[in-house]
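What follows is one structure encoded as structure tokens, with my remarks underneath.
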Amino acid sequence: MELRLKKGSSNETRFGMVSIILALIFLVFLNALVLTDRMILPGALFMPLPGIGIVFGLIGLIRLRKKFSYSVFGILLNGACYVILFLYFVASLSVYPIP
């Protein structure tokens, strides 16, 4: 039994793949931020990455003739990025510096 790969038969959208890549880039820079306490990217470039990824995932979902599993995975991964940011924000509120 051999696995045969058909050339050019991938029906996954490029928008879904871009959505996943943007989420992974965001998670890499978020990990670097947490480990080093330094912003590598400016906040204006860092914060909208999950939002742009969600938009690309939604564009990938709109395309009806293509498979959309990458788009769904990208949307879920970018949504998880926003949940992580929200949890970091809530955790930062619990830190009370001594006045």
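A Cβ distance below 7 Å, combined with a sequence gap of six or more or placement on separate chains, defines the contacts here; from segment 30-50, residues that are within 17 Å of VAL83 (Cα to Cα) reach no residue that is at pLDDT 85 or above and among the charged types (D, E, K, R). Does TYR70 meet the test of being aromatic (Phe, Trp, Tyr) and in contact with a strand residue (DSSP E or B) (Cβ under 7 Å, 6 or more places away or on another chain)? Against the criterion (aromatic (Phe, Trp, Tyr) and in contact with a strand residue (DSSP E or B) (Cβ under 7 Å, 6 or more places away or on another chain)), TYR70 qualifies. Scanning segment 33-57 for residues that are modelled with pLDDT under 85, in a helix (DSSP H, G or I) and farther than 21 Å from GLY16 by Cα yields a count of 4. Consider GLY60 carefully, then state whether it is touching a strand residue (DSSP E or B) at 6+ places or on another chain (Cβ under 9 Å), of a type outside the set (Val, Ile, Thr) and at pLDDT 75 or above. So GLY60 passes the test.
Pairs linking a residue in segment 77-95 that is farther than 12 Å from GLY51 by Cα to a residue that is assigned to a helix (DSSP H, G or I) and of a type in the set (A, V, I, L, M, F, W, C), with Cβ atoms under 9 Å and 6 or more positions apart or on different chains, are ILE84/LEU27; ILE84/LEU30; LEU85/LEU30; TYR88/LEU30; TYR88/VAL34.
The values are calculated or read from the model by the stated rules, or taken from the named source; none is laboratory data. No experiment lies behind these values; they were computed from the predicted model shown. Don't worry about glycine lacking a Cβ; one is built from the backbone with ideal geometry, like all the others, and counts go over all protein chains shown.
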